[in-house]
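Asks: This is the structure I want to talk about, given as structure tokens.
Nothing in this text is a laboratory measurement; each read-out follows from the coordinates by a stated rule. Every value quoted in this text rests on a predicted model; they were computed, and no experiment measured them. Please note: Cβ atoms are built from the backbone with ideal geometry, for glycine as well, and neighbour counts cover all protein chains shown.
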Amino acid sequence: MKKGKHKDHKKHKVNYIQILFIIIFILGICSIMYYFWKGNKEKQKYNKILEDIVIDTSEVTEQKTERMLQLEELQKQNEEIIGWLEIEGTSINYPVCQAKDNDYYLTHNYQKEKAVNGSLFLDKDFDLTNGSSNYLIYGHRNKQGLMFEDLIKYSKEDFYKEHTKIKFTTTKEDVEYEIMSVFYSRVYYKSEQNVFRYYYFVNAETEEEYNNYVNNAKKVSIYDTGVTAKYGEQLLTLSTCEYSQEDGRFVVVARKVV
């Protein structure tokens, strides 16, 4: 009799474990579905940003393009929106923000709402008003293609050859940048010497400093684009996370097309 009770107890225990695993599995599926649903909703929201902005098309000129006017309207919603970044043929088509620190837009969207995917943002030390030699823009990656997920496609040279230009718009200008370097990097320890800390380059004090950045970017590039930059030419650097190494980064550097 006691032996039978022991078997029943063991059977019930197994059933409880099975039920627990089923519950965990269902919750996992629901979490994944919610994640993709939320991601698609956010994607649709970004796709409609420019559609929802009404501008006076009679004000469009060569000096003041439609995108520049749209950006001015967006700045009425959030003055920290400083530009618009677009790479044709990719999902990268977003407003770019800038805060007083580099943490805020990691977790907030362009409307200052809490958002897991954050927003594209210009490094806090870069000066759009007076100009900097280089504009460094950060962004998360997202498996649903949001933010800088498509940037990693530049790891393939064939993709680069079909998408050589980046469009960056501010209220002052609506211009294209030509990609000159694509490379893998990481956030280096302070103790590491003779490494290329691309994320420290803001404004060149000298021609030598500028050339060092360009030469280092070209040196570590995973393929030769045939493009370089001369001292004084405006640079644009896009940076996102890359997971093959600790604190890995994937970087695209471009020069302004005059």
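Asks: What is the calculated FRET efficiency for residue 15 to residue 143, with r their C-beta to C-beta distance and R₀ = 25 Å, to the nearest 0.05? Mind dumping the intermediate values first?
Replies: On the way: r = 36 Å, r/R0 = 1.44.
Using R0 = 25 Å, I get an efficiency of 0.10.
Asks: Can you tell me the length gained on complete extension of the stretch residue 75 to residue 158, counting 0.36 nm per residue apart and subtracting the Cα distance?
Replies: Numbers: separation 83, 0.36 × 83 = 29.88 nm, distance 3.66 nm.
Roughly 26.2 nm would be gained on extension.
Asks: Using alpha carbons only, how many angstrom separate the centre of the range 171-249 from the centre of the range 80-128?
Replies: 19 Å
Asks: Something else now. In terms of Cα to Cα distance under 17 Å, which aspartates and glutamates are near enough to residue 190, apart from those fewer than 8 places away along the same chain?
Replies: 246, 247
Asks: If you don't mind, there's one more thing I want to ask. What does the net charge come to around residue 56 if you take all other residues with beta carbon closer than 12 Å to its beta carbon, with K and R at +1 and D and E at -1? Provide the component values of the computation, followed by the final result.
Replies: On the way: positive: 64; negative: 59, 66, 72, 73.
Taking every other residue near residue 56 into account, the sum is -3.
Asks: Considering only Cα-Cα distances, which of the following residue pairs are longer than 26 Å: 143/172; 143/218; 48/76; 112/167?
Replies: Values: 143/172 33 Å; 143/218 29 Å; 48/76 17 Å; 112/167 24 Å.
Where the Cα-Cα span goes over 26 Å, the pairs concerned are 143/172; 143/218.
Asks: Can you compute the FRET efficiency between residue 86 and residue 189 using 1/(1 + (r/R0)^6), with r the Cβ-Cβ distance and R0 = 25 Å? Round to the nearest 0.05.
Replies: Numbers: r = 35 Å, r/R0 = 1.40.
With a Förster radius of 25 Å, E is 0.10.
Asks: For residue 200 and residue 56, FRET efficiency with R0 = 30 Å and r from the beta-carbon atoms, rounded to 0.05?
Replies: On the way: r = 42 Å, r/R0 = 1.41.
Computed FRET efficiency for residue 56 and residue 200 comes out at 0.10.
Asks: What is the sum of charges, Lys and Arg at +1 and Asp and Glu at -1, for the other residues whose Cβ falls under 15 Å from the Cβ of residue 88? Walk me through the intermediate numbers first.
Replies: Working: positive: 67, 153, 161, 165, 167; negative: 86, 150, 162, 174, 176, 178.
Net of charged neighbours comes to -1.
Asks: Take each of the peptides 105-116, 154-165, 183-194, average the number of other beta-carbon atoms within 10 Å over its residues, and list them starting from the highest.
Replies: Details: 105-116: 16.7, 154-165: 14.1, 183-194: 11.1.
Packing proxy ranking, top to bottom: 105-116, 154-165, 183-194.
Asks: Check the straight Cα-Cα distances from residue 64 and name the aspartates and glutamates below 12 Å, setting aside those fewer than 8 residues away within the same chain.
Replies: Residue 64 reaches 56, 72, 173, 174.
Asks: Based on DSSP, what percent of beta bridges with both residues in the range 117-258 are antiparallel, to the nearest 5?
Replies: So the antiparallel bridges in the range 117-258 amount to around 85 percent.
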